[in-house]
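To start, the structure itself, in C-alpha cells.
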Amino acid sequence: MKMTTKELCIQGLLTALVTVCTMVFQIPVSATQGYIHLGDSMILLTSVFFGWKYGMAAGGIGSALADLLSGYAHWAPFTLIIKGGMGLLIGLIADFTGKREKLFTLRNMAGGVIGIIWMVFGYFIGGGILKSSFAVAAASVPENLVQGAAGMAIFLVVGTAFYKAKIYRIVSEK
C-alpha cells in the first residue's frame, strides 16, 4: 500500500494519540493485572472518522506501544492483535463520511459496540493464555466491559465536539 506523506503523518499522529491517551490516565485493575484508560475512545474516534486502515494501525500499534512503555510488555503481542482488530471492526462497520455529515448513526454506534465486545473477548482469550486458566481470565470481563463503556462514553462526548466543530470536513479532505 502506497501512502502519501500526508497520510503517513496522519497515521503517525493518530498512533501517538492512542499511545498517549492510553498512558496518561491509567487506573490499575487488580483482577486483570492491567489498567483502565482513555485509549479506547481514541480508537473509536480514529476508526469512525478515518476508517478501518487508520483505526487498525493506530489501535494496534498505539496500544501495544503503550503496553511496552507502561511495563506490560507481556501483553503487547495480544494487545497488537486485539486493539488492531477492534479498530478494523469499528472502521469496517462504521459509515461516517464527511459527505453525510452525520456522526451518530446506527452503524457507527453498532461498530463501537462490536469493537468493544471484540476487545473484551480478545482480552479474555489473551488472559486465559497468559494465566493458563480461562476461569481466572473470566474475572477480567467486568473490568474490560467498564473500560469499553467508558471509551464509548468519551467517544460520544469528544465525537460530538468534533462534529460540532465540523472536523469531518477536514477529515474528508484526506
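The values are calculated or read from the model by the stated rules, or taken from the named source; none is laboratory data. Just so we're clear, the structure is a prediction, and the values are computed from it rather than from any experiment. Cβ coordinates were reconstructed from backbone atoms using ideal geometry, including for glycine residues, and neighbour counts include every protein chain displayed. Note: accessible area is taken over every heavy atom of the protein model, side chains too, but ligands, DNA and RNA are not part of it. Shrake-Rupley method; radii C 1.70, N 1.55, O 1.52, S 1.80 Å.
Computed values, structure above
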{"item": "Among the residues listed as 85, 111, 51, the single one being open to solvent by less than 10 Å² (accessible area, probe 1.4 Å) and touching a residue at least 24 places away in the same chain (Cβ under 8 Å)", "result": "111"}
{"item": "Test for residue 138: is it without any contact (Cβ under 8 Å) to a residue 40 or more places away in the chain and in contact with a Leu (Cβ under 9 Å, 6 or more places away or on another chain)", "result": "no"}
{"item": "Number of the condition not met by residue 74 [criteria: (1) open to solvent by 20 Å² or more (accessible area, probe 1.4 Å); (2) under 20 Å from residue 149 (Cα atoms)]", "result": "(2)"}
{"item": "Single residue of region 12-48 satisfying the filter (in contact with a Pro (Cβ under 9 Å, 6 or more places away or on another chain) and in contact (Cβ under 8 Å) with a residue 40 or more places away in the chain) that is surrounded by the fewest Cβ atoms within 10 Å (Cβ to Cβ)", "result": "31"}
{"item": "Where residue 152 falls short, out of the listed (1) within 13 Å of the chain's Cα centre (by Cα); (2) exposed (fewer than 14 other Cβ atoms within 10 Å of the Cβ)", "result": "(2)"}
{"item": "Condition check for residue 130: within 26 Å of residue 25 (Cα to Cα), over 17 Å from the mean Cα position of the chain (by Cα) and assigned to a helix (DSSP H, G or I)", "result": "yes"}
{"item": "Number of the exception - residue 73 against (1) touching a residue at least 12 places away in the same chain (Cβ under 8 Å); (2) among the hydrophobic types (A, V, I, L, M, F, W, C); (3) more than 22 Å from residue 117 (Cα to Cα)", "result": "(1)"}
{"item": "Filter pass, residue 58 being more than 30 Å from residue 133 (Cβ to Cβ) and modelled with pLDDT of 95 or more", "result": "yes"}
{"item": "Top-ranked residue of region 130-149 - restricted to ones that are closer than 16 Å to residue 82 by Cβ and among the aliphatic types (A, V, I, L, M), ranked as least open to solvent (accessible area, probe 1.4 Å)", "result": "137"}
{"item": "Unmet criterion (only one of (1) over 11 Å from the mean Cα position of the chain (by Cα); (2) open to solvent by less than 40 Å² (accessible area, probe 1.4 Å); (3) more than 29 Å from residue 129 (Cβ to Cβ)) for residue 9", "result": "(2)"}
{"item": "Verdict on residue 59 being under 27 Å from residue 136 (Cα atoms) and surrounded by 21 or more Cβ atoms within 10 Å (Cβ to Cβ)", "result": "yes"}
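Condition check ((1) over 13 Å from the mean Cα position of the chain (by Cα); (2) aliphatic (A, V, I, L, M)) across all residues:
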position: 42; (1), (2): no, yes
position: 48; (1), (2): no, yes
position: 70; (1), (2): yes, no
position: 77; (1), (2): yes, no
position: 84; (1), (2): no, no
